[in-house]
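Please read the structure below before turning to the comments.
The values are calculated or read from the model by the stated rules, or taken from the named source; none is laboratory data. Not measured: the values here are computed from a predicted model. No Cβ is skipped: glycine too gets one built from the backbone with ideal geometry, and neighbour counts run over all protein chains shown. The accessibility values were calculated without ligands, DNA or RNA, using every heavy atom of the protein model including side chains. Shrake-Rupley method; radii C 1.70, N 1.55, O 1.52, S 1.80 Å.
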Amino acid sequence: MAETNERFCAEVFGKRNFEALDEIYTSRARILPPGAAMISGRKAIKDFWSNMVRSTNAKSAVLESIDVMPAGDGAVEIGRAVLVIEPGGQAASQLEVKYVVYWQQEDGRWKWHVDIWNPNS
């Protein structure tokens, strides 16, 4: 799980490698972004993250797992994240969020199956 979380930070935010999302999310994954409709499937999830990273000029993400609990054939992770963004000529700022991920195994790896997060206000 730590490897998957690190891959998200390093590849998606660090290198803007959105193809890496295939190794992070399951094939039937869903995300529930704040203030937006649920998004299903890898293609739509890739489009979301690509648009979000580019539109905010995201620079980095750091995920911190707080708790992991078994849940059926998967696991639930509760954590917090700090994203560094620098939108449109503005100074860099930090966005702190809390998240819950439901993990499932796919192709012998633990991947995100349901992902929801909200900013700390």
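Observations, loosely collected:
Results for (1) surrounded by 14 or more Cβ atoms within 10 Å (Cβ to Cβ); (2) over 21 Å from Gln104 (Cα atoms); (3) touching a residue at least 60 places away in the same chain (Cβ under 8 Å), shown as yes or no for each residue.
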| position | (1), (2), (3) |
| --- | --- |
| Met38 | no, no, no |
| Asn51 | no, yes, no |
| Asn57 | yes, yes, no |
| Asp73 | no, no, no |
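- The stretch 79-115: number of residues that are over 20 Å from Ala10 (Cα atoms) and open to solvent by 60 Å² or more (accessible area, probe 1.4 Å): 7
- Close pairs from the stretch 1-21: first within 11 Å of Trp49 (Cβ to Cβ), partner of a type in the set (Asp, Glu) and open to solvent by less than 50 Å² (accessible area, probe 1.4 Å), Cβ under 7 Å, at least 6 apart: Asn17/Glu11; Ala20/Glu11
- Residues located in the stretch 17-58, provided they are charged (D, E, K, R), under 18 Å from Thr4 (Cβ atoms) and not in a strand (DSSP E or B): Glu19, Asp22, Glu23, Arg42, Lys46
- Close pairs (6 angstrom Cβ cut-off, 6 or more residues apart or separate chains): under 16 Å from Leu21 (Cβ atoms) in the stretch 98-121, in a strand (DSSP E or B) and open to solvent by 70 Å² or more (accessible area, probe 1.4 Å) anywhere: Trp103/Trp110; Val114/Arg30
- Residue selected from the stretch 82-121 under the condition assigned to a loop (DSSP other than H, G, I, E, B) and either under 11 Å from the mean Cα position of the chain (by Cα) or of a type in the set (A, V, I, L, M) (or both), by the criterion farthest from Asn57 (Cα to Cα): Ala91
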